[in-house]
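Structure first, then comments.
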Amino acid sequence: MRARGIIALAAGLWLAALGRDRIDAWIDATVLPPLQIAGSVQVLDRKGALIRAYTVDDGRWRLSVDLDQVDPRYVEMLLTYEDRRFYTHPGVDLRSLARAGWQAATTGRIVSGGSTLTMQVARLLEAGTTGQIDGKLRQMRVALALERRLTKDQILTLYLQLAPFGGNLEGVRAASLSYFGKEPKRLTPAESALLVAIPQAPESRRPDRAADRAEAARDRVLARAVTFDLIDQDEATAALSEHVPGTRKAFPAHAPHLADRARAERPDLAEHRLTLDLDLQKKLETLARQAVQGKGDRLQIAIVVADHKSGEILASVGSAAFEADARQGFVDMTTALRSPGSTLKPLVYGLAFDQGLAHPETVIEDKPTVFGAYAPQNFDKLFHGEIRLREALQMSLNIPAVMLTDALGPAKLIAALGKAGVAYKIPGDQPGLAVALGGVGVTLQDMVQLYAALARGGVALPLTWRAEGDRAEGQRLISAVAAWEVGDILAGLAPPPGAPANRLAYKTGTSYGHRDAWAIGYDGRHVIGVWMGRADGTPVPGAFGADVAAPVLFQAFNRLKPQLDPQPAAPAATLLVANAQLPAPLQRFRPRGAAFAAAPDAPAVAFPPDGAEVELLPSGLKVSVRGGTAPFTWLLDGAPVQIATREREVMLPATGTGYVTLSVIDAQGRSARSTVRLW
């Protein structure tokens, strides 16, 4: 019955050619299905490489593709095997139909269907049937209409996008990525032949479920390719020995957090082109996974890389793995608000240099200091006395940073953050001196943007990750001289053990309670930020930025390029002199209210310092005085306990435990005090 129908159909079409005008009208009146095919949303890198793809609404992978994106030999094999007269017939090949009818009549079974590629496209566009006469007639009519409204290459492109390849795979690009893990631009003869064979019976020839049938079908295509001189016998022999993939590969899913962000921001776009570099993104995703291995199942990491000259983000790793695991890998830690610890200190110093309050060689006194009710402590609980600001920043001392912030005013620091494009969150919305030590919420991406401003000579420029669109104008944050001075200080930091001494300008930070470990650095072209911690904000005992994040920072630069770009030369206006050659006001830092402060030679309690906790010995309490003029009188809670002694270090009589106030008075009546806890 089916064979007779095909013969009758062929004869009918032949007779209908006599009435061309009526046929033309019949074809022109054809209502075509929609030709705009909904494809998978794609996220591409700066070179057009596929970063991530999403299925269409029905869960199918259908990636757009053009002819020039497909291996030419695959196209040759396809046309040779499926439709050798594709470029000459009008959409229906009467010779093929007649041959198919004759074969069916003489063998009693369908040997070939006689469908052209254009007819197959018609069927795919309408999801029509192949065996029924009315379905075949409809395909012919649509095929003839398609040929009049589209070019041959456009029709062929539709086939490349719609051909079924088993399961939820549609189109040659989706099939090539899934079965071979690569784009179809360069295929081996064996791969090309397999992709030609599968659509003829996509479910029964799926390599991942029926590798033997897929291989047999592939080999028939290869034999046809040899017959028509598309490949020689040696190539065919090599192709026949090539393994047929037995599993499907995962589609590219790199930079998943940023890809999701791009899609959510512009749901109308079918293609998102980002500034990312896919090769670098892959390297850093691997580095992120390696960095948390063996460090517990909750430690998380995030990395951002940017070109600070252009403001383009080149890599963005939001977590070690995009998984609903104990690390909460679905959370994008590049945009999560976290405490920056000491990584804000370079901005504090840069503002102080820019305002003329200090110079890298200015001497500051690192000593117990109280700012109202706020008494900051250095991380090591020690005091280092007189020290150059260069050394204070390299040692990441807290008290000098707070003294500079106090002189600037916290509002100026907060204003600078806003000017740099940092979206900060201050607890209680009341900025205080603690901001300088990390008492503010910021994101890793914003901190990289801040350091990019320092690297760019003090000009803040918003970072961008979209390849399209206008670029914002930069605005000056601090002077070029101040920015260079900060960079010169940071470039003098010793690298982590085992890392190269390469003059990378970097700073580490550890937030209160070891909740966040940071390392951010830059050279003459790029800036990289690394954050490590737990996504839920709980402490990571013993995690310091210098120990945990800094090694990853140096490894990230090593994966970015073989050697660093040199730091820029000092601007002409930079004052490159030692402390003794500085103008007098810059030789020693004078904090706010210095005019009312005690004279430099006034007495001070050297030990125990204010706020200290001291063990009370059986022999008493050891105290010492610095400065002042002998003899000295010591008082304990206002009562004299040592009178007119010329010794600067004495033992006071034993007393009870608890809080006490020590006072010392020198020969000129000047005094100093210290409140300590004895135990």
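The values are calculated or read from the model by the stated rules, or taken from the named source; none is laboratory data. Since this is a predicted model, take the numbers as computed values, not measurements. Glycine also receives a Cβ, built like all others from the backbone with ideal geometry; neighbour counts cover every protein chain displayed.
Here Thr629 fulfils each of the conditions (1) assigned to a strand (DSSP E or B); (2) touching a residue at least 12 places away in the same chain (Cβ under 8 Å); (3) not aliphatic (A, V, I, L, M) apart from (1).
Looking at the stretch 331-369 only, could you name the residues that are of a type in the set (Gly, Ala, Ser) and surrounded by fewer than 23 Cβ atoms within 10 Å (Cβ to Cβ)? Selection gives Ala336, Gly356. When the stretch 326-375 is filtered for residues that are aromatic (Phe, Trp, Tyr) and assigned to a strand (DSSP E or B), the ones remaining, listed by number, are Phe371, Tyr374.
The residues of the stretch 549-567 that are more than 13 Å from Val530 (Cβ to Cβ), of a type outside the set (S, T, N, Q) and surrounded by 15 or more Cβ atoms within 10 Å (Cβ to Cβ) amount to a single one, Leu564. Residues that are hydrophobic (A, V, I, L, M, F, W, C), loosely packed, with under 15 Cβ neighbours inside 10 Å, in contact (Cβ under 8 Å) with a residue 24 or more places away in the chain and more than 12 Å from Lys622 (Cβ to Cβ) within the stretch 643-663 are absent altogether.
Note on the stretch 484-495: among residues that are touching a Lys or Arg at 6+ places or on another chain (Cβ under 8 Å) and crowded, with 17+ Cβ neighbours inside 10 Å, the one that is nearest to Asp446 (Cα to Cα) is Leu490. Does the stretch 594-612 include one or more residues that are β-branched (Val, Ile, Thr) and either modelled with pLDDT under 85 or more than 60 Å from the chain's Cα centre (by Cα) (or both)? Scanning the stretch 594-612, I find no residue that is β-branched (Val, Ile, Thr) and either modelled with pLDDT under 85 or more than 60 Å from the chain's Cα centre (by Cα) (or both), so the answer is no.
Here's the yes/no breakdown for (1) aliphatic (A, V, I, L, M); (2) at pLDDT below 95; (3) assigned by TED's automatic domain parsing to the domain that holds Asp57:
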{"residue": "Arg99", "(1), (2), (3)": "no, yes, yes"}
{"residue": "Gly108", "(1), (2), (3)": "no, yes, yes"}
{"residue": "Thr129", "(1), (2), (3)": "no, yes, yes"}
{"residue": "Arg138", "(1), (2), (3)": "no, yes, yes"}
{"residue": "Ala143", "(1), (2), (3)": "yes, yes, yes"}
{"residue": "Ala174", "(1), (2), (3)": "yes, no, yes"}
{"residue": "Phe180", "(1), (2), (3)": "no, no, yes"}
{"residue": "Pro184", "(1), (2), (3)": "no, no, yes"}
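Of the listed requirements (1) loosely packed, with under 12 Cβ neighbours inside 10 Å; (2) in a helix (DSSP H, G or I); (3) modelled with pLDDT under 90, Pro585 misses just one: (1).
The residues of the stretch 505-534 that are out of contact with any helix residue (DSSP H, G or I) (no Cβ under 6 Å at 6 or more places or on another chain) and either surrounded by fewer than 21 Cβ atoms within 10 Å (Cβ to Cβ) or of a type in the set (Lys, Arg) (or both), listed by number, are Tyr512, Gly513, His514, Arg515, Gly524, Arg525, Arg534. I'd like the residue in the stretch 462-483 that is more than 14 Å from Ile313 (Cα to Cα) and polar (S, T, N, Q) and, out of all such residues, is surrounded by the most Cβ atoms within 10 Å (Cβ to Cβ). Out of the qualifying residues, it is Ser479. Grab the helices (runs of 4 or more DSSP H) fully contained in the stretch 141-232, keeping just those with 3 or more residues being within 30 Å of Leu94 (Cβ to Cβ) and of a type outside the set (Lys, Arg). Per the criteria, 152-162, 189-197, 211-227. Of the residues screened, Asp68 is one that is in a helix (DSSP H, G or I), surrounded by fewer than 17 Cβ atoms within 10 Å (Cβ to Cβ) and modelled with pLDDT of 95 or more. Regarding the stretch 424-433, can at least one residue be identified that is among the β-branched types (Val, Ile, Thr), modelled with pLDDT under 95 and not in a strand (DSSP E or B)? Yes. Checked against (1) surrounded by fewer than 21 Cβ atoms within 10 Å (Cβ to Cβ); (2) under 27 Å from Ala324 (Cα atoms); (3) not basic (Lys, Arg), Asp234 passes all but condition (2). Being more than 24 Å from Arg205 (Cα to Cα) and modelled with pLDDT of 95 or more is a description that applies to Tyr87. Residue count for the stretch 380-393, restricted to those that are within 20 Å of Val363 (Cα to Cα) and either without any contact (Cβ under 8 Å) to a residue 24 or more places away in the chain or surrounded by fewer than 16 Cβ atoms within 10 Å (Cβ to Cβ) (or both): 5. Going through the stretch 254-269 one residue at a time, which ones are of a type in the set (A, V, I, L, M) and out of contact with any strand residue (DSSP E or B) (no Cβ under 7 Å at 6 or more places or on another chain)? If the condition is that a residue be of a type in the set (A, V, I, L, M) and out of contact with any strand residue (DSSP E or B) (no Cβ under 7 Å at 6 or more places or on another chain), then Ala264, Leu269 are the ones that fit. Just name the residue that is surrounded by the most Cβ atoms within 10 Å (Cβ to Cβ) out of those in the stretch 286-308 that are out of contact with any Lys or Arg (no Cβ under 6 Å at 6 or more places or on another chain), within 20 Å of Ala472 (Cα to Cα) and not β-branched (Val, Ile, Thr). It comes out as Ala306. Scanning the stretch 664-674 for residues that are of a type in the set (A, V, I, L, M) and buried (at least 17 other Cβ atoms within 10 Å of the Cβ) returns Val664, Ile665, Ala672. Restricting attention to the stretch 259-294 and to residues that are within 23 Å of Asp57 (Cβ to Cβ) and of a type in the set (A, V, I, L, M), the residue that is nearest to the chain's Cα centre (by Cα) turns out to be Ala259.
I'd like the full set of residues that are without any contact (Cβ under 8 Å) to a residue 40 or more places away in the chain and polar (S, T, N, Q), limited to the stretch 399-436. Gln430, the sole residue that qualifies. Scan the stretch 442-452 and tell me whether some residue there is farther than 24 Å from Gly524 by Cα and not charged (D, E, K, R). Yes: the stretch 442-452 contains one or more residues that are farther than 24 Å from Gly524 by Cα and not charged (D, E, K, R).
Take the conditions under 24 Å from Phe383 (Cα atoms) and out of contact with any Asp or Glu (no Cβ under 7 Å at 6 or more places or on another chain) and apply them to Val614. Does it pass? Taking the combined requirement at face value, the residue satisfies it.
What are the residues in the stretch 64-97 that are under 27 Å from Ala53 (Cβ atoms) and without any contact (Cβ under 8 Å) to a residue 60 or more places away in the chain, if any? Residues satisfying the conditions are Asp68, Pro72. The set of residues in the stretch 376-393 being outside any loop (DSSP other than H, G, I, E, B), under 20 Å from Gly509 (Cα atoms) and aliphatic (A, V, I, L, M) consists of Leu389, Ala392, Leu393.
Number of residues in the stretch 459-475 that are over 21 Å from the mean Cα position of the chain (by Cα) and at pLDDT 95 or above: the value is 1. The residues of the stretch 215-237 that are among the hydrophobic types (A, V, I, L, M, F, W, C) and in contact (Cβ under 8 Å) with a residue 24 or more places away in the chain, listed by number, are Val221, Leu222, Ala225, Phe228, Leu230, Ile231, Ala236.
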